[in-house]
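Asker: Supplied in structure tokens, the structure appears directly below.
The values are calculated or read from the model by the stated rules, or taken from the named source; none is laboratory data. What you see is a predicted model; the values in this text were computed from it and never measured. For neighbour counting, all protein chains shown are included, and Cβ atoms are generated from backbone atoms with ideal geometry for every residue, glycine included. For accessibility, only protein heavy atoms count, side chains too; no ligands or nucleic acids. Shrake-Rupley method; radii C 1.70, N 1.55, O 1.52, S 1.80 Å.
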Amino acid sequence: MYIEPFKVEIWMNEWETRCTYNLAETCVASITIDELLRMSGRNDADLSELLSMKMTYGAIEGSDRLRSAISDLYTDVAIDRITVTHGTIAANMLVHKALVSRGDRVVSIIPTYQQHHSIPASIGADVQTLALREENSFLPDLEELRALVVPGTKLIALTNPNNPTGALIDRPMLEAIAGIASDVGAYVLCDEVYRGTEQSGDRMGPSIVDLYDKGIATASVSKAFSLAGLRVGWIVAPTDVTEQVLLHRDHDTISVGMINDHFAAMALENHAKLLARSRAITRENLGILEDWIATQPRVSWVKPLAGTTAMLKLDIPVSSRTFCVDLVQDTGVMLTPGDAFEMEGYARIGFANDPKILRAGLEKLGQYLGDHFPTG
């Protein structure tokens, strides 16, 4: 089976261990197990409870403890609708494999996480893409979406908050998208891995599963919860979809590790504390980035409303890839070229890491732009 190379992951694999200032990072600054324990009101003495844990496969769908903690992130979701996976990347793959067959119409926004169009395309689906445009603040045009969602459409795939732009589909627009899907009986898959990183308010934004009976949400502890190393994600889906997901999951997962499940449950039982930390970091750092952009004549943007990344529009006479390769080789600053998202002329920046790294990286980036692309 042919599948299109995963451009952003290939880029990350090539450069993220070779850069000095990783401004391509998409996770909110990661925490240690010690920090997780302290945020949970525990200490290293509590690690002793792991000593008696027998290393079996554990609960296949995920422990009841973990799935109960996940259910608390939604309004009314029973744990039997939750399947634990190896990160959001496995969650997305399983949903597409479980739902999509050759010839099915799938409508995916772009830019997005590449899985949402490359996987159904590899299955032989009729994949139609809806381009998000800067003049619409990178939000979907509902009339364009309606034209693509014809009778028989199987699935609409979104990322919300959007990766890579940080655009946020609000509740009224989500409800409108659900209405478009409902008219033809389509499912809506919403990759919500950045949910909880909104730039305003102190609550998580709405989830598609709380708004639409054929809504499917995927997420993980990687981005907003700063625990990518646990490799724990999940799917929340209607019962019929969950049944199909479990059939496919038996072929490629069996279960996540029991220790991973244990710490993910601990984290999500304390999700309010973790999200408060993440919001503080992303809001402070976005301010740093906004101030820097105001000084850069070659850079413009649509300011993100959520997430950990933004797309920088570059007024330069070279390709985004040429720019990003030379930048990281010359300065150690790593961005992600826009061509990884079908957005030539842009580069993605991650702004949720250590503020010291962000400030230092932006200083180097500004110097590079001034030296190589002077204005006036």
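Asker: If a residue has to be in a loop (DSSP other than H, G, I, E, B) and aliphatic (A, V, I, L, M) to count, how many in the range 332-346 make the cut?
Answerer: 2
Asker: Within the range 354-371, how many residues are under 14 Å from residue 328 (Cα atoms) and either aliphatic (A, V, I, L, M) or outside any helix (DSSP H, G or I) (or both)?
Answerer: Number satisfying all stated conditions: 4.
Asker: Report those strands (runs of 3 or more DSSP E) wholly inside the range 133-242 carrying at least 1 residues which are among the charged types (D, E, K, R).
Answerer: Result: 153-159, 187-191.
Asker: Go through the range 270-320 and count every residue that is in a helix (DSSP H, G or I) and either surrounded by 19 or more Cβ atoms within 10 Å (Cβ to Cβ) or touching a residue at least 12 places away in the same chain (Cβ under 8 Å) (or both).
Answerer: Selection size over the range 270-320: 20.
Asker: Let me ask another. Here is a check on your reading of the model: is residue 117 part of a helix (DSSP H, G or I), under 20 Å from residue 181 (Cβ atoms) and open to solvent by 10 Å² or more (accessible area, probe 1.4 Å)?
Answerer: yes
Asker: Continuing with this model, one more query. Could you grab the pairs with beta carbons closer than 8 Å, sequence gap of 6+ or different chains, first residue in the range 244-258 and closer than 10 Å to residue 86 by Cβ, second one open to solvent by 70 Å² or more (accessible area, probe 1.4 Å) and among the hydroxyl-bearing types (Ser, Thr, Tyr)?
Answerer: Here the result reads 255/57, each pair linking the range 244-258 to a residue that is open to solvent by 70 Å² or more (accessible area, probe 1.4 Å) and among the hydroxyl-bearing types (Ser, Thr, Tyr).
Asker: Can you find, within the range 243-255, the residue that is farthest from residue 29 (Cα to Cα) among those that are in contact with a strand residue (DSSP E or B) (Cβ under 9 Å, 6 or more places away or on another chain) and either part of a loop (DSSP other than H, G, I, E, B) or not aliphatic (A, V, I, L, M) (or both)?
Answerer: The residue in question is 249.
Asker: When you go through 37, 66, 47 one by one, which is the residue that is closer than 18 Å to residue 246 by Cβ and either of a type in the set (S, T, N, Q) or in a helix (DSSP H, G or I) (or both)?
Answerer: Testing whether each residue is closer than 18 Å to residue 246 by Cβ and either of a type in the set (S, T, N, Q) or in a helix (DSSP H, G or I) (or both) leaves just 66.
Asker: Here is a follow-up. Got at least one residue in the range 185-200 being open to solvent by 40 Å² or more (accessible area, probe 1.4 Å) and not polar (S, T, N, Q)?
Answerer: Scanning the range 185-200 turns up no residue that is open to solvent by 40 Å² or more (accessible area, probe 1.4 Å) and not polar (S, T, N, Q).
Asker: If we keep just the residues of the range 138-151 that are touching a residue at least 24 places away in the same chain (Cβ under 8 Å) and open to solvent by 60 Å² or more (accessible area, probe 1.4 Å), which is farthest from residue 177 (Cα to Cα)?
Answerer: Looking at residues that are touching a residue at least 24 places away in the same chain (Cβ under 8 Å) and open to solvent by 60 Å² or more (accessible area, probe 1.4 Å), I get 151.
Asker: Keeping to the range 79-108, report how many residues are within 18 Å of the chain's Cα centre (by Cα) and open to solvent by 10 Å² or more (accessible area, probe 1.4 Å).
Answerer: 5
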